[in-house]
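Engineer: One structure coming up, written as structure tokens, with questions to follow.
The values are calculated or read from the model by the stated rules, or taken from the named source; none is laboratory data. Please read these numbers as outputs of a predicted model, since none were measured by experiment. Don't worry about glycine lacking a Cβ; one is built from the backbone with ideal geometry, like all the others, and counts go over all protein chains shown. For accessibility, only protein heavy atoms count, side chains too; no ligands or nucleic acids. Shrake-Rupley method; radii C 1.70, N 1.55, O 1.52, S 1.80 Å.
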Amino acid sequence: MDLFDQPNYATAAFPEPRPFQLDAHQRLRDGIRAGHKNQLLMSPTGSGKTYLGLRIAHEALAKGRRAIFVCDRSTLIDQTSETADRYGLGAHGVIQADHWRTDYSKPFQIASVQTLARRQWPETDVVIIDEAHTQHTAWTEHVQKCRAAVIGLSATPFSPGLGKLFTNLVNATTMHALTQSGVLVPMRVFSCTAPDMAGAETSGGEWTQEAAGKRGMEIVGDVVAEWVKYGEQRKTIVFGATIAHCQELCRQFNQAGIMAAVFTADTPAAERLGLIKEYRKPDSSLRVLISVEALAKGFDVPDVGCVVDCRPLRKSLSTAIQMWGRGLRASPETGKTDCILLDHSGNILRFAEDYTRVFFEGLAALDMGEALDKVIRKEPEEVEKKGCPSCGYQPFRKRCMSCGFEIVDPALVQQVPGSMREVMIGKAKAADNHQHLWQQVCSYVRAHGKPETAQGRAAHIFKDFVGEFPPRGWHLDNTAGAEITRAVLNKIKSKNLAWIKGRRQAQPA
């Protein structure tokens, strides 16, 4: 290698980190010291996942080690490479077919997971997996046998089996904290005309894309008309159910005089680059981009001020969060103060309770997101459609994402005189208070079941008793055990029996 081409990482210049970014980075270091080779960082939209990933890579490179940053889609390769250049990490190679920056001699590589699937992984000390909830075999197999420290990055770590790939979850921050600090903008929701999904075909409990697309075709005219009425001509991303649905939405937007384009898996690469280049312009005449999945993850154009959700879901909370997040990033230079969500799917009401939970608290365990993506949501009740009793914001379930107003669900909890709040099951006392109940639950899960799922299981058992998950700071590892009362043990056993019975009934004869 030429003397003048020697990599120099000492002069890299990153923007000043926010306090939560410093804290998250330190907790990852602590995790490595505690023996966690593979760790997952949950970092919401707008919190700087790429920034954190590149800081982690730089720390290794500055010590003379090697690092690789793995992207799950080709469209993110150049975006990550450009960001690395801005931070002073220009001495990197790109592992992607026929890419002009291919250079395996560099200690730092930015790689396409699809290309890694066809080639041998380079020797490295740190592996950073972007969008780690998308589990490609090329990296899931590699991280289990390689010697490198592995950091997965995800805003929505909800996919099955993450607890088998990673042993430690670090929440960087919450969507609520980012909104309070101005990194994200609040969401202004309009519940618009939605398709009737009654009786629609399902697969694995989720509506099929074909069924959702067919029903969605019936209200395309309403989507365009209500965007004209409520969308304020903002730069917009629309999510459809199928490519055909997206194409029809695009046709009717254009017919109404609104410049729109389809951006899907079928869009040629050259056309994609042209669309992105035009759409990123602050004064772009292209007002609406329409997609199924291609724009849902990692696509960041800060001045997007409106998201139109036309893709009905009833299980995949993670998909809904990814879609809505495309419009939540702040853009002070353009005067953006909020994001309009036009909900033509009913999703914001179906997912209201669990979305509110994730918005304020993130996830408490690696398998908790997986559990949330398995639940089939019921259709919204009228009480949900009335909004927050304090400010009227929708959706509202227990705690308002706009003003913070909170309704305490009595569930099985009864208020008693004084400062102690006993947990009752019928007339039997189960625990002195919530903390005492949590100690009992921790004692139970330590003695029953698998250690890797204990935290998540404890959280769900606790919720069965009191109607809500334990506070974010309550963890199995820092909780002392307590003697399990008869009432608590009997209730847990009854729940276990009911679950077993339900599984047997669900099995085909």
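Engineer: Could you check the stretch 192-281 for helices (runs of 4 or more DSSP H) lying wholly inside it with 2 or more residues that are more than 29 Å from residue 377 (Cβ to Cβ)? Don't jump to the end; show me each part of the working.
Structural biologist: Values: elements: 209-217, 220-230, 243-255, 269-279.
Filter on the stretch 192-281 gives 243-255, 269-279.
Engineer: Inside the stretch 118-189, counting only strands (runs of 3 or more DSSP E) that do not spill past its ends, which hold 1 or more residues that are over 28 Å from residue 74 (Cβ atoms)?
Structural biologist: On the way: elements: 126-129, 149-154, 168-171.
Filter on the stretch 118-189 gives 168-171.
Engineer: Assess whether residue 24 counts as being in a helix (DSSP H, G or I) and not hydroxyl-bearing (Ser, Thr, Tyr). Don't jump to the end; show me each part of the working.
Structural biologist: Working: in a helix (DSSP H, G or I): yes; not hydroxyl-bearing (Ser, Thr, Tyr): yes.
It is true that residue 24 is in a helix (DSSP H, G or I) and not hydroxyl-bearing (Ser, Thr, Tyr).
Engineer: Here's another thing I want to ask about it. Using the structure shown, decide if residue 153 is open to solvent by less than 30 Å² (accessible area, probe 1.4 Å), over 17 Å from the mean Cα position of the chain (by Cα) and under 25 Å from residue 44 (Cβ atoms).
Structural biologist: No: the conditions fail for residue 153.
Engineer: Those residues that are modelled with pLDDT of 80 or more, open to solvent by 60 Å² or more (accessible area, probe 1.4 Å) and touching a Ser or Thr at 6+ places or on another chain (Cβ under 8 Å), I need them from the stretch 451-498; list them, please.
Structural biologist: Scanning the stretch 451-498 gives a single hit, 483.
Engineer: Here is a further query. Kindly evaluate residue 89 against the criterion of being assigned to a loop (DSSP other than H, G, I, E, B), surrounded by 18 or more Cβ atoms within 10 Å (Cβ to Cβ) and over 22 Å from the mean Cα position of the chain (by Cα).
Structural biologist: On the way: assigned to a loop (DSSP other than H, G, I, E, B): yes; surrounded by 18 or more Cβ atoms within 10 Å (Cβ to Cβ): yes; over 22 Å from the mean Cα position of the chain (by Cα): yes.
Taking the combined requirement at face value, the residue satisfies it.
Engineer: Moving on. For the stretch 30-43, state whether one or more residues are under 30 Å from residue 180 (Cα atoms), free of Cβ contacts under 8 Å to residues at least 60 places away in the same chain and part of a helix (DSSP H, G or I).
Structural biologist: Pass one, the stretch 30-43, residues under 30 Å from residue 180 (Cα atoms): 30-31, 39-43.
Now restrict to residues that are free of Cβ contacts under 8 Å to residues at least 60 places away in the same chain: 30.
With part of a helix (DSSP H, G or I) added as a condition, the list becomes 30.
Within the stretch 30-43 (the criterion being under 30 Å from residue 180 (Cα atoms), free of Cβ contacts under 8 Å to residues at least 60 places away in the same chain and part of a helix (DSSP H, G or I)), the answer is yes, since at least one residue qualifies.
Engineer: Determine which member of the set 66, 118 is touching a Pro at 6+ places or on another chain (Cβ under 7 Å) and open to solvent by 60 Å² or more (accessible area, probe 1.4 Å).
Structural biologist: Working: 118 fails: touching a Pro at 6+ places or on another chain (Cβ under 7 Å).
From the options 66, 118, the qualifying one is 66.
Engineer: What's the number of the only condition in (1) open to solvent by 30 Å² or more (accessible area, probe 1.4 Å); (2) part of a loop (DSSP other than H, G, I, E, B) that residue 357 fails to meet?
Structural biologist: Only one criterion in (1) open to solvent by 30 Å² or more (accessible area, probe 1.4 Å); (2) part of a loop (DSSP other than H, G, I, E, B) is unmet by residue 357, namely (2).
Engineer: Return the residue satisfying two criteria in turn: it lies in the stretch 46-55 and is touching a residue at least 60 places away in the same chain (Cβ under 8 Å) and open to solvent by 20 Å² or more (accessible area, probe 1.4 Å), and of such residues it is farthest from residue 167 (Cα to Cα).
Structural biologist: Once the filter is applied, the top-ranked residue is 50.
Engineer: Right, residue 218: free of Cβ contacts under 8 Å to residues at least 60 places away in the same chain, more than 20 Å from residue 306 (Cβ to Cβ) and more than 21 Å from the chain's Cα centre (by Cα) or not? Spell out the reasoning first.
Structural biologist: Working: free of Cβ contacts under 8 Å to residues at least 60 places away in the same chain: yes; more than 20 Å from residue 306 (Cβ to Cβ): yes; more than 21 Å from the chain's Cα centre (by Cα): yes.
Spelling it out, residue 218 is indeed free of Cβ contacts under 8 Å to residues at least 60 places away in the same chain, more than 20 Å from residue 306 (Cβ to Cβ) and more than 21 Å from the chain's Cα centre (by Cα).
Engineer: Another question, if that's okay. Please enumerate the residues belonging to the stretch 169-208 that are among the polar types (S, T, N, Q) and over 17 Å from the mean Cα position of the chain (by Cα). Walk me through it before giving the result.
Structural biologist: Within the stretch 169-208, the subset among the polar types (S, T, N, Q) is 171, 173-174, 179-181, 191, 193, 202-203, 208.
Correct list: 180, 181, 191, 193, 202, 203, 208.
Engineer: From the set of residues in the stretch 234-266 that are out of contact with any helix residue (DSSP H, G or I) (no Cβ under 6 Å at 6 or more places or on another chain) and among the polar types (S, T, N, Q), which is least open to solvent (accessible area, probe 1.4 Å)?
Structural biologist: Top of the filtered list is 236.
Engineer: With the structure loaded, tell me whether residue 75 is modelled with pLDDT under 95, open to solvent by less than 40 Å² (accessible area, probe 1.4 Å) and touching a helix residue (DSSP H, G or I) at 6+ places or on another chain (Cβ under 8 Å) or whether it fails that test.
Structural biologist: Working: modelled with pLDDT under 95: yes; open to solvent by less than 40 Å² (accessible area, probe 1.4 Å): no; touching a helix residue (DSSP H, G or I) at 6+ places or on another chain (Cβ under 8 Å): yes.
Here the answer is no, as residue 75 does not meet what is asked.
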